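The values are calculated or read from the model by the stated rules, or taken from the named source; none is laboratory data. The shown structure was predicted, so the numbers you read here are calculated from the model rather than taken from an experiment. Glycine also receives a Cβ, built like all others from the backbone with ideal geometry; neighbour counts cover every protein chain displayed. The protein model used for the area step is the full one, side chains on, heavy atoms only, and it has no ligands, DNA or RNA in it. Shrake-Rupley method; radii C 1.70, N 1.55, O 1.52, S 1.80 Å.
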Amino acid sequence: MGLKLFNTLARSLQDFAPLAPPGVGMYCCGPTVYDFAHIGNWRTFVLGDLVRRTLEFNGFQVNHVMNITDVEDKIIKGVRETGTTLRDFTGKYESAFFEDMKTLNCLEPQHKPRATEFIPDIISLIDTLLTRSFAYRAADGSVYFSIEKYRAAGCTYGKLQNLNFEELRAGERVKSDEYAKESIADFALWKARSPEDGEVFWPSPFGEGRPGWHIECSAMSMKILGQGFDLHLGGEDLIFPHHEDEIAQSEGATGKPFVKYWLHGAHLLVEGKKMSKSLGNFFTLRDLLAKGFTGREIRRLLLSAHYRETFNFTLEGLQGAKTALARIDECLAKVREIAGSLTTSAAAVAENFTLQKFGDALSDDLNMSAAWAVVFEWVSELNRRVAEYSLSAGDAAAALSAWQKMDSVLGVGTKSEAEVPADIATLFEARQTARKTKDFKKSDAIRDELKSKGWTVEDTPKGPRLKKI
Ligand SMILES: [Zn+2]
């Protein structure tokens, strides 16, 4: 079954066919680094990770770009209030963001462009839009995109959702990065320097100032992935105006289709309500870790529902995620005992029926509830066979390999893996290799290194095991 995804641009489910397979260019709108990302933000970022992993599961090679918005109204306010520099202010939240991303086991994007490092590209894009008459300079030195001129040239503004142009208020300009949903108006490409901006400004042919939020994404995505690319992803709240504006700016400048597939994740409610600090249901990832939950439990919960459905995130749900993962962990621990040191061939894994069903569920527009159902049916079946002593070492080894493949998408790992840090696991594997090739000098050196890091290798009848000293 080929991969099908819901394309907001077509408003329908489509077969996924990238422009130059097996490569896929994927751009995800990243964080605005003025605060710690909350759990609603994380739903979207984990979705981006799921899409990338699913594409890789299907044999595609993904070039994943996630931008960092490091200049914007709220950031400038933060810089002003804290009396720090722009880089110091955003650097703190940027580092926290990537730490959190690791906690949730999201793969690191190959490109993480910061808007402030693309100012020349942004300026050149605005210049092109001015030359093509889709942009105009206002009296205050700002540059705006003209939706009217864009439409007059036969271009469509509103490709992702139907917009009511009756409500278009001619001449009204929105300078802020935040818009009222109903207001359709020209938007700022370049914002002239104002006293509140302090030292946050750049020189440009249009005068000192800074870029608007929308143009940043157009400039960074096209610079890295090319003028037309495969996949653009974000939360549904970004459809309008952010993504509509990205399309208008990019296609206005190049005259070519900007993105082939647009994917949007739905909102997250917390305890049945929209998140708000006053309701006490506003959680950053760190708040949830402080309550004793782990990254893999939070990831499991975020990945339990379909991405296009509003999801109600609850603390009770997190308890459920803990129980669900414990079921998988217990089962795999028993299966690991039976498999011992036996491994299985890649061919045997590819033919695995469970894996095929799992892949089919993913291919059906990332049907996660169906994918998890495949996992839990498989766990029940394995538990039954373990209880009946009918699971052979070979079958157990095949089951472990199948799990590894499924987990390459789910990314929840297993408890024992979670307990062994990655660098220790790598050393352990290197020691195994050294022993196999009878390089005992090397294997002894690695054993000593492991010991210095607090781990010992115990030789058991079922092969060597790592143990904490
Ligand atoms: Zn964006």
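Below, the figures for the structure above:
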item	result
Meets criteria (open to solvent by 10 Å² or more (accessible area, probe 1.4 Å), among the small types (Gly, Ala, Ser) and within 14 Å of the ligand (Cβ to nearest atom)) for residue 48	no
Flag if residue 43 is part of a helix (DSSP H, G or I), under 27 Å from residue 269 (Cα atoms) and open to solvent by 10 Å² or more (accessible area, probe 1.4 Å)	yes
Residues of the stretch 130-145 classified as open to solvent by less than 70 Å² (accessible area, probe 1.4 Å) and either outside any helix (DSSP H, G or I) or touching a Ser or Thr at 6+ places or on another chain (Cβ under 9 Å) (or both), total	10
Test: residue in the stretch 65-74 that is open to solvent by 20 Å² or more (accessible area, probe 1.4 Å) and either over 22 Å from residue 220 (Cα atoms) or within 16 Å of the ligand (Cβ to nearest atom) (or both)	yes
Qualifying residue in the stretch 265-275 (condition: small (Gly, Ala, Ser), away from the ligand (no atom under 15 Å from the Cβ) and surrounded by fewer than 17 Cβ atoms within 10 Å (Cβ to Cβ))	yes
Close pairs (6 angstrom Cβ cut-off, 6 or more residues apart or separate chains): closer than 17 Å to residue 211 by Cβ and open to solvent by less than 10 Å² (accessible area, probe 1.4 Å) in the stretch 227-253, among the charged types (D, E, K, R) and at pLDDT below 95 anywhere	none
Neighbours by Cβ (under 8 Å, 6+ apart or cross-chain): first from the stretch 1-13, under 14 Å from residue 233 (Cβ atoms) and modelled with pLDDT of 95 or more; second open to solvent by 40 Å² or more (accessible area, probe 1.4 Å) and not in a strand (DSSP E or B)	6/308; 8/161; 9/159
So residue 31, is it touching a residue at least 60 places away in the same chain (Cβ under 8 Å), away from the ligand (no atom under 16 Å from the Cβ) and in contact with a Phe, Trp or Tyr (Cβ under 9 Å, 6 or more places away or on another chain)	no
For residue 458: the one exception among (1) under 20 Å from residue 337 (Cβ atoms); (2) open to solvent by 90 Å² or more (accessible area, probe 1.4 Å)	(2)
Residue in the stretch 81-88 that is within 16 Å of the ligand (Cβ to nearest atom), in a helix (DSSP H, G or I), in contact (Cβ under 8 Å) with a residue 24 or more places away in the chain and of a type in the set (A, V, I, L, M) present	no
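Okay, residues lined up against (1) under 30 Å from residue 41 (Cα atoms); (2) in contact (Cβ under 8 Å) with a residue 24 or more places away in the chain; (3) β-branched (Val, Ile, Thr):
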position: 270; (1), (2), (3): yes, yes, yes
position: 275; (1), (2), (3): yes, yes, no
position: 295; (1), (2), (3): yes, yes, no
position: 303; (1), (2), (3): yes, yes, no
position: 307; (1), (2), (3): yes, yes, no
position: 312; (1), (2), (3): yes, yes, no
position: 317; (1), (2), (3): yes, no, no
position: 334; (1), (2), (3): no, yes, no
position: 344; (1), (2), (3): no, yes, yes
